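Read through the structure below, which is laid out as C-alpha cells, and then see the notes.
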Amino acid sequence: MAHNWTITVFWSVPLPAVLPADAGWVHTVGELHSTIVWILLGLVGLHIAAALGHHFILGDNVLRRMLPARTNDRR
C-alpha cells in the first residue's frame, strides 16, 4: 500500500489504505522489512544445514524421525 498499489481480497474486494503513500517513515519500514526477511531466510538456511549435518555427518536418525509414522519402520 505504500507504493500506492490496490490490494484486493480474492481479486474482488479492495482493501482500504492504512498508510498514506507519501509518509516519510515508509522507506524506513521497508528497509526494516527487508532486513527481517534476510535474517529469516538465513535462519531457515541454518536450520536446513543443521538437519542435513545431523543426517550425513552425525549419522543419527533426526530426519528419519521427522517422517510420518508408517515410514519409520524402514531402518
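Values for this structure:
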read-out: Where a residue in the range 30-47 is at pLDDT 95 or above and its partner, wherever it lies, is part of a helix (DSSP H, G or I) and aliphatic (A, V, I, L, M), with Cβ under 6 Å and at least six apart; value: none
read-out: Residue list for the range 1-48, restricted to those being of a type in the set (A, V, I, L, M, F, W, C), over 16 Å from the mean Cα position of the chain (by Cα) and part of a helix (DSSP H, G or I); value: 26, 29
read-out: Flag if residue 54 is modelled with pLDDT of 85 or more and surrounded by 11 or more Cβ atoms within 10 Å (Cβ to Cβ); value: yes
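The values are calculated or read from the model by the stated rules, or taken from the named source; none is laboratory data. Everything numeric here is computed off the predicted structure, so don't read it as measured data. We place every Cβ from the backbone using ideal geometry, glycine too, and count neighbours over all the protein chains shown.
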